[in-house]
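Below is one structure; the comments refer to it alone.
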Amino acid sequence: MRFDGGTEYGGSKLVKYAREHGILLEPTVPYTPEQDGVAERGFRTLFERVRTIAIDYDISKSLWPELVSGMVHVINRTATTSIKGDYTPLQALERHKLGDKVKKSSIAHIRALGCKAFVHIQKPRRVQSEKLADRAEIGILVGFEGEHIYRVYVPS
């Protein structure tokens, strides 16, 4: 396995893990991203997607970490030709840990990142004297927390 020796992959933790599992690491020459083909291309694709969403929906650049996390959530649950056996990346990881008893990844909860989202205002936070007061705040979907929780940025 080739790696660039950077800390974004875990640094010494990665080296220890590789040794324990019999994985041979081949460090690349410093400052030559060309040698990190798959990883560099993956990061490039990820950030191109996030940049497109941020520009298309006019989302603040300060929210890029949330969008990256949300996009990784989506990517990990969608099919890819790079994994044999018709598995998503998440299923392949679970298969590595659990064997063949892997459940199907659900994508029913996935919505378009950057879309308008309505966040319910809990009763204690509402204006009690106004029957016609808003019961939701409008926000922007920026990510996911599992399959049942959405991460929404509410500008107000």
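The values are calculated or read from the model by the stated rules, or taken from the named source; none is laboratory data. It should be emphasised that the depicted structure is a prediction, and the values quoted were computed from it without experimental measurement. Because the Cβ atoms are built from the backbone with ideal geometry, glycine has one as well, and the counts that use them run over all protein chains shown. Accessible surface is based on the protein model in full, side chains and every heavy atom, while ligands, DNA and RNA are left aside. Shrake-Rupley method; radii C 1.70, N 1.55, O 1.52, S 1.80 Å.
Report yes if some residue within segment 143-152 is among the small types (G, A, S), part of a helix (DSSP H, G or I), open to solvent by less than 80 Å² (accessible area, probe 1.4 Å) and closer than 20 Å to G42 by Cα; otherwise report no.
no
Checking each residue in segment 24-76 for being among the polar types (S, T, N, Q), part of a helix (DSSP H, G or I) and farther than 25 Å from I110 by Cα picks out only Q35. Residue-level analysis places S82 outside the set of residues that are under 29 Å from H21 (Cα atoms), polar (S, T, N, Q) and surrounded by 11 or more Cβ atoms within 10 Å (Cβ to Cβ). S106 is checked against (1) open to solvent by 50 Å² or more (accessible area, probe 1.4 Å); (2) under 20 Å from the mean Cα position of the chain (by Cα); (3) more than 16 Å from G42 (Cα to Cα) and fails just one. What number does that condition carry? Just one mismatch for S106, condition (1).
If the condition is being at pLDDT 70 or above, in contact with a helix residue (DSSP H, G or I) (Cβ under 7 Å, 6 or more places away or on another chain) and open to solvent by less than 40 Å² (accessible area, probe 1.4 Å), then segment 3-58 contributes L25, T28, L46, V50, I53, A54.
Residues being at pLDDT 90 or above, within 21 Å of R49 (Cβ to Cβ) and more than 16 Å from the chain's Cα centre (by Cα) are represented in segment 116-124 by at least one member. So for segment 114-125 (the condition being open to solvent by 100 Å² or more (accessible area, probe 1.4 Å), more than 24 Å from T45 (Cα to Cα), of a type in the set (F, W, Y) and not in a loop (DSSP other than H, G, I, E, B)), does at least one residue qualify? Yes: segment 114-125 contains one or more residues that are open to solvent by 100 Å² or more (accessible area, probe 1.4 Å), more than 24 Å from T45 (Cα to Cα), of a type in the set (F, W, Y) and not in a loop (DSSP other than H, G, I, E, B).
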